[in-house]
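The values are calculated or read from the model by the stated rules, or taken from the named source; none is laboratory data. Since the structure is predicted, the reported quantities are computational estimates derived from the model, not experimental observations. Neighbour counts are summed over all protein chains in view; Cβ atoms, including those assigned to glycine, are modelled from backbone coordinates with ideal geometry.
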């Protein structure tokens, strides 16, 4: 055990899970290197003036028993709240159930628009879209063009930043499965007993009292108490390798100082492309090109403080209004009352952006002004009630699945498998895979078992099934994975 010198890159869910599991295995002198000034990665909780913000929203729900047990090993039971799941769609001044329910949607649309939507659906059944291999064609064929534009097109394009006809249909098939407007209407009018063809989303989930960051701050304190070093603001700039193995990790501090960390193994949750570019000696040109082609979608939250009577019961609301850039709104008070103060709440307005673009580079006060204006334009709050605002930027929030991403990942994996066999990519960015928090943790748990016990788990096999991560079919086998897919662009 004492012969291990393990360097963990990244202090998000994957990296800290790895450190925690190593401590439980008796390896207490590993080193965690984190480029940011806080832990938790995208699962952090940001605190400003006593308000706490969840980045993107994190429901603590999993179908992996080992992850569930680890959550409750890190935090005591009294720090978990059981929260109801409620998300709705906001369009044209009305709230629509999510998942969509035919009667609710058609009633909200009104008789004239509902008739047009039904007519559009019937026409789409007679005259199918020409290209059914895209998200646009596949969805329009099942709901008609009018409902597609209202409930599917706008939000999807906001999230991924590309036209819906550039997104492959397999993502819609995985999310929407065999649902269509026709089936939804039949099920609404003539519900069948024990209907299992279309599964429902989970109705409640666990949530740490002070947000997901509470989990990872507690985990950090635990591993540090056991002797693990967690070094913040230490960016990995090189991974020196020889003889098919990584030998030294080089980190750099904010002052430009460099430190060498000898290693017998590396568990890396840094972006996969950046890991390859850090290898020394460098990878050959085709591998570097594959690494450079791995792209990300970025994310920012504008948190606005308002009186609590302007809140809503939802965890978040999906904004399908094309006139605003806003994608989702969280009510942090609905996640946990401990994240807000007094008779005020905090609404988190979420924007899907690209690092360096016009919105990303705006000053914070201008982002607060624009977000406030959009909230007022949507008539969700009257003018003048926003009391304060805060901005949180999160780079590399979502790995992008373009048409070549899988081939590029395979090129990178093959090269690392030959030249750095003791480097274990884990987590969302570490594997360039659209993992949930529980997936990220599970990949780290398996990597630690491989290092400590000599097992041969294929970490890349985690999260390969087609089932949507928040669906819980009655006949699902115990221990089934959680499933998550991102669209291929």
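Picking from 286, 282, which residue would you name as being touching a residue at least 12 places away in the same chain (Cβ under 8 Å) and over 27 Å from the mean Cα position of the chain (by Cα)? Break it down stepwise before answering.
Working: 282 fails: touching a residue at least 12 places away in the same chain (Cβ under 8 Å).
Unique residue meeting the criteria: 286.
In summary, helices (runs of 4 or more DSSP H) completely within segment 387-476 and bearing 2 or more residues that are in contact with a helix residue (DSSP H, G or I) (Cβ under 6 Å, 6 or more places away or on another chain), over 20 Å from residue 32 (Cβ atoms) and modelled with pLDDT of 90 or more occur at 405-419. May I ask you to verify whether residue 421 is in the same structural domain as residue 19 (by TED's automatic domain parsing) and over 16 Å from residue 67 (Cα atoms)? Yes, satisfied. The number of residues in segment 138-164 being on the phi > 0 side of the Ramachandran plot and surrounded by fewer than 21 Cβ atoms within 10 Å (Cβ to Cβ) comes to 1.
Among the criteria (1) at pLDDT 95 or above; (2) closer than 30 Å to residue 388 by Cα; (3) part of a loop (DSSP other than H, G, I, E, B), the one residue 305 does not fulfil is (3). Return yes when residue 28 is in a loop (DSSP other than H, G, I, E, B), under 30 Å from residue 252 (Cα atoms) and at pLDDT below 95 and no when it is not. So residue 28 fits the description; yes. Quick one: is residue 337 without any contact (Cβ under 8 Å) to a residue 24 or more places away in the chain and surrounded by fewer than 23 Cβ atoms within 10 Å (Cβ to Cβ)? So residue 337 fits the description; yes. Among the residues of segment 86-95, those that are touching a strand residue (DSSP E or B) at 6+ places or on another chain (Cβ under 6 Å) and either closer than 29 Å to residue 13 by Cα or in the same structural domain as residue 118 (by TED's automatic domain parsing) (or both) comprise 87, 88. Evaluated against (1) farther than 30 Å from residue 308 by Cα; (2) assigned to a loop (DSSP other than H, G, I, E, B); (3) in contact with a helix residue (DSSP H, G or I) (Cβ under 6 Å, 6 or more places away or on another chain), residue 37 falls short on exactly one condition, (3).
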